[in-house]
1. Before we move on, is ASP53 more than 18 Å from LEU14 (Cα to Cα) and either aliphatic (A, V, I, L, M) or surrounded by 13 or more Cβ atoms within 10 Å (Cβ to Cβ) (or both)?
2. Tell me the residue from ALA7, ALA23, ALA40, ALA15 that is touching an Asp or Glu at 6+ places or on another chain (Cβ under 6 Å), over 28 Å from TYR80 (Cα atoms) and of a type outside the set (Phe, Trp, Tyr), please.
3. Going through GLU43, GLU76 one at a time, which residue ends up being modelled with pLDDT of 95 or more, touching a strand residue (DSSP E or B) at 6+ places or on another chain (Cβ under 6 Å) and surrounded by fewer than 16 Cβ atoms within 10 Å (Cβ to Cβ)?
4. Going by what's in this entry, would ALA26 be described as in contact with a Pro (Cβ under 9 Å, 6 or more places away or on another chain), of a type outside the set (Val, Ile, Thr) and at pLDDT below 95?
5. Take the residues in the range 1-33 that are among the β-branched types (Val, Ile, Thr) and surrounded by 14 or more Cβ atoms within 10 Å (Cβ to Cβ); name whichever of them is farthest from ALA61 (Cα to Cα).
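The values are calculated or read from the model by the stated rules, or taken from the named source; none is laboratory data. Computed from a prediction, not measured in an experiment: that's the story for all the values here. Ideal geometry is used to build each Cβ from the backbone, glycine not excepted, and the neighbour counts take in all protein chains shown.
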Amino acid sequence: MPEANDAAILKTLLAELKPRVVAFDARDFKDDVIELARQARVEIYVDRLGPADNVSGWQDAVDRGATGIQTDRPAELVRYFRSRKRHK
């Protein structure tokens, strides 16, 4: 899965590779890059490891369009989503 990196690189990746999924981390999970991914209608996977690997980091990812979240705390993430009626 290609890494977004920044808006210019993502534009190139979208044009040349036409990916269905793009990966983000804290460095490139920025509104302008996210908007490019949304316009291309690709899945947005974000790394929430480290300081952002918590409820507020997960919710921020969802609020900003993430369809997948990488975490070191999967059981807690599932419990959180279930509490929000977002996971069976």
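1. Against the criterion (more than 18 Å from LEU14 (Cα to Cα) and either aliphatic (A, V, I, L, M) or surrounded by 13 or more Cβ atoms within 10 Å (Cβ to Cβ) (or both)), ASP53 qualifies.
2. ALA7
3. Residue meeting the stated conditions: GLU43.
4. When the stated conditions are applied, ALA26 passes them.
5. Among residues in the range 1-33 that are among the β-branched types (Val, Ile, Thr) and surrounded by 14 or more Cβ atoms within 10 Å (Cβ to Cβ), the one farthest from ALA61 (Cα to Cα) is ILE9.
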